[in-house]
Amino acid sequence: MKIPSLRILILCSAAALLLNGTGCSTYTGSSSSPPAQSAFLYGKKKLQDVRKLPAKLMALMRRDGSFWDADDMTGAPSIRIDLGEQMVYFYKGDELAGGSPISSGREGYSTRPGRYRIIEKDIDHKSSIYGDYEDYDGNVIVQNVDNRKHPRPPGTRFEGAKMNYFMRIYGGVGMHQGYLPGYAASHGCIRLPGKMAEKFYEATPMGTPVTIVP
């Protein structure tokens with residue numbers, strides 16, 4: 001089953017099961033059952049194939065759109081990053097086990113599609129290029145600099161941007177905790193919300209396959 005279809009199915013069924021009156025199906029009037037009942041019966045039948053249904057349904061109700069059910073699942077891990085959806089998905093074997101919204105590279109710093117593996121992990125990583133110039137008391141003098149382009153003012157030092165739960169994919173690009181404005185906004189990295197960056201980090205060993213699609 002394709003990822004978007006699975007997510008839509010779970011969300012539709014969640015609405016039918018939890019709200020008991022609205023679903024994602026379109027009612028055409030051709031069925032003898034009312035729309036709410038049709039959505040309920042369809043969702044109930046299909047969700048028999050979804051592992052640990054209550055956990056997934058409740059997780060999908062998170063406001064940021066993330067979900068996680070990987071902790072008790074088995075199978076080799078893999079990651080799929082969908083740039084068009086601005087989502088990252090975590091698999092155990094062939095089974096979808098988690099997902100999170102992301103913010104990938106903006107125009108001019110686009111995240112590169114392809115097949116990769118996790119080649120480095122650093123829980124408290126800091127950027128060697130992007131950050132702030134601070135004085136020696138820790139006061140920010142110049143924000144959001146690229147130290148390759150912006151000269152350092154006298155009496156300051158460079159403080160790299162925090163990239164906690166960093167997992168390098170290629171070059172200087174990796175997954176890490178960061179700010180998500182709702183669109184692609186990074187310098188190429190894949191930003192995740194804090195709790196999901198931690199979950200992905202803990203569940204992903206070195207060498208895990210990563211697929212990035214447009």
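The values are calculated or read from the model by the stated rules, or taken from the named source; none is laboratory data. None of these values were measured; they are calculated from a predicted model. No Cβ is skipped: glycine too gets one built from the backbone with ideal geometry, and neighbour counts run over all protein chains shown. Side chains included, ligands, DNA and RNA excluded: accessible areas come from the protein's heavy atoms. Shrake-Rupley method; radii C 1.70, N 1.55, O 1.52, S 1.80 Å.
Test residue 159 against the criterion of being of a type in the set (Asp, Glu) and open to solvent by 30 Å² or more (accessible area, probe 1.4 Å), and give yes or no.
So residue 159 fits the description; yes.
Would you call residue 103 within 11 Å of the chain's Cα centre (by Cα), closer than 24 Å to residue 181 by Cβ, among the small types (Gly, Ala, Ser) and modelled with pLDDT of 95 or more?
So residue 103 fits the description; yes.
What single numbered condition from (1) under 24 Å from residue 110 (Cα atoms); (2) in contact (Cβ under 8 Å) with a residue 24 or more places away in the chain fails to hold for residue 199?
(1)
Which pairs do you get when a residue that is in contact (Cβ under 8 Å) with a residue 12 or more places away in the chain and within 23 Å of residue 188 (Cα to Cα), found in region 131-156, comes within reach of a residue that is outside any strand (DSSP E or B) and basic (Lys, Arg), reach meaning Cβ atoms under 8 angstrom, with the pair 6+ apart or on two chains?
Hits for this filter: 133/152.
Any residue that is open to solvent by 70 Å² or more (accessible area, probe 1.4 Å), farther than 18 Å from residue 187 by Cβ and not in a loop (DSSP other than H, G, I, E, B) - is there at least one of those in region 103-120?
Looking for residues that are open to solvent by 70 Å² or more (accessible area, probe 1.4 Å), farther than 18 Å from residue 187 by Cβ and not in a loop (DSSP other than H, G, I, E, B), one finds at least one in region 103-120, hence yes.
Residue-wise test of (1) under 28 Å from residue 204 (Cα atoms); (2) part of a loop (DSSP other than H, G, I, E, B); (3) open to solvent by 40 Å² or more (accessible area, probe 1.4 Å).
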{"position": "127", "(1), (2), (3)": "yes, no, no"}
{"position": "130", "(1), (2), (3)": "yes, no, yes"}
{"position": "144", "(1), (2), (3)": "no, no, yes"}
{"position": "151", "(1), (2), (3)": "no, yes, yes"}
{"position": "167", "(1), (2), (3)": "yes, no, no"}
{"position": "175", "(1), (2), (3)": "yes, no, no"}
{"position": "180", "(1), (2), (3)": "yes, yes, yes"}
{"position": "188", "(1), (2), (3)": "yes, yes, no"}
